[in-house]
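Here the structure comes first, spelled out in structure tokens, and everything after it is commentary.
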Ligand SMILES: NC(=O)c1ccc[n+]([C@@H]2O[C@H](COP(=O)([O-])OP(=O)(O)OC[C@H]3O[C@@H](n4cnc5c(N)ncnc54)[C@H](OP(=O)(O)O)[C@@H]3O)[C@@H](O)[C@H]2O)c1
């Protein structure tokens, strides 16, 4: 038996509880993992509440991330005892996920936990931190260097935003953090933000072309904010768009693209090819200060996963929440 968060679709919505399940109910896969930690991402909030229907099969054990130790494996790449992690793929939406003491998964989804990180730290980073790294790599590939000028991070006090700030600052960028929680300015400054602005300055419809301000941006909120960022990105600058916390619309014009030659880089972490994932985790191991990750992380027990998943959709969770599934 193992404990897990369990989601069922009912006539009145989604029912979520924590329960004991027999191991033979785990889905198919060539590797059995003793999960140590999972985490709560925005997508887990969507899975638990059904606010946007991300779960594709029922019942579901949510959790798009996990880290733990291989218990059994018929996959030649992973031996029992190996420390492994998964971000995304079908986990927690189409295949039982990480908010459980055990998971049976496809070995091709597993990434070795980098030696510099514990399994707890790997989940403090989680999909949020790995996505932040994909965004930073995308800006670098577009030639956005620290000397090019200020780089904006939206949703700054959230998971992706807070780790993006820590990464960019460590790499020498001058980071402007945009947040709806100005009382979090000291926290964002400690992470490495040189400037903190109120997200209200970006969230309402603005000019199709504004003052050239940002050399680059990591946007986690989408909608009018993303349109305004594009309108104020400098000539040949780049914007990495990964999120929709404000909305999934994009009310922009072509002008920033055809007059300022800006680039909008779409970021998907879920189905990113294996080589892209391992590059991101190698860069996280090199470029992320572990102390900064510890400072943005709180650890909670499995029973807290459901209320925290609901809270993340209200934008009230600061940084990262790791779930100790054995607690
Ligand atoms: N593309 C991918 O593969 C991928 C991977 C991971 C996450 N994501 C997406 O990235 C976004 C952030 O994920 P996360 O895990 O970091 O979530 P999170 O921890 O909840 O952070 C989201 C942040 O967005 C800001 N926000 C919330 N509501 C807003 C609104 N109405 N208008 C403007 N800003 C708002 C808040 O930051 P402030 O309080 O600082 O303003 C909030 O903390 C989500 O949309 C998620 O779905 C995408």
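Values quoted throughout were computed directly from the atomic coordinates according to the rules given, and no laboratory measurement underlies them. Small disclaimer: the values here were computed from a predicted structure and weren't measured. So basically every Cβ, Gly included, is an ideal-geometry build from the backbone, and we count neighbours across all protein chains shown.
Summary of computed values
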{"quantity": "The chain, helix-only ellipticity at 222 nm - DSSP H runs n ≥ 4, -39,500 (n - 2.57), divided by all residues, nearest 500", "calculated": "-8500 deg cm²/dmol"}
{"quantity": "Extension gain (nm, one decimal) between residue 8 and residue 201, 0.36 nm per residue minus Cα-Cα", "calculated": "65.4 nm"}
{"quantity": "The range 172-297 - convex hull of alpha carbons, volume per residue in Å³", "calculated": "131 Å³"}
{"quantity": "In nm, spacing of pseudo-spin labels at residue 140 and residue 82 (7 Å Cα→C-beta vector)", "calculated": "2.5 nm"}
{"quantity": "Considering only the chain, percent of DSSP beta bridges that pair antiparallel, nearest 5", "calculated": "55 percent"}
{"quantity": "Extension reserve of the residue 286-residue 19 stretch, reckoned as 0.36 nm per residue once the Cα distance is removed", "calculated": "92.3 nm"}
{"quantity": "Helix axis angle, 274-287 relative to the chain longest principal axis, alpha carbon, degrees", "calculated": "70 degrees"}
{"quantity": "The range 69-100 and the range 156-197: distance between their alpha carbon centers, rounded to Å", "calculated": "32 Å"}
{"quantity": "Helix 119-141 vs. the chain, principal-axis angle (Cα, 0 to 90°, nearest 10)", "calculated": "30 degrees"}
{"quantity": "Förster radius 30 Å - calculated FRET efficiency between residue 299 and residue 276 (Cβ-Cβ, nearest 0.05)", "calculated": "0.60"}
{"quantity": "Highest-first arrangement of 306-318, 198-210, where packing means the average Cβ count within 10 Å", "calculated": "306-318, 198-210"}
{"quantity": "Pair residue 255, residue 34: separation of 7 Å Cα→Cβ label points (nm)", "calculated": "6.1 nm"}
{"quantity": "Rg and Dmax [Cα atoms of the chain; Å; Rg one decimal, Dmax integer]", "calculated": "19.5, 61"}
{"quantity": "Centre separation in Å (Cα based) which lies between the range 225-241 and the range 112-146", "calculated": "22 Å"}
{"quantity": "Binned Cα-Cα distance frequencies in the range 1-147 - 5 Å width, integer %", "calculated": "2, 10, 19, 20, 18, 13, 8, 5, 3, 1, 0, 0"}
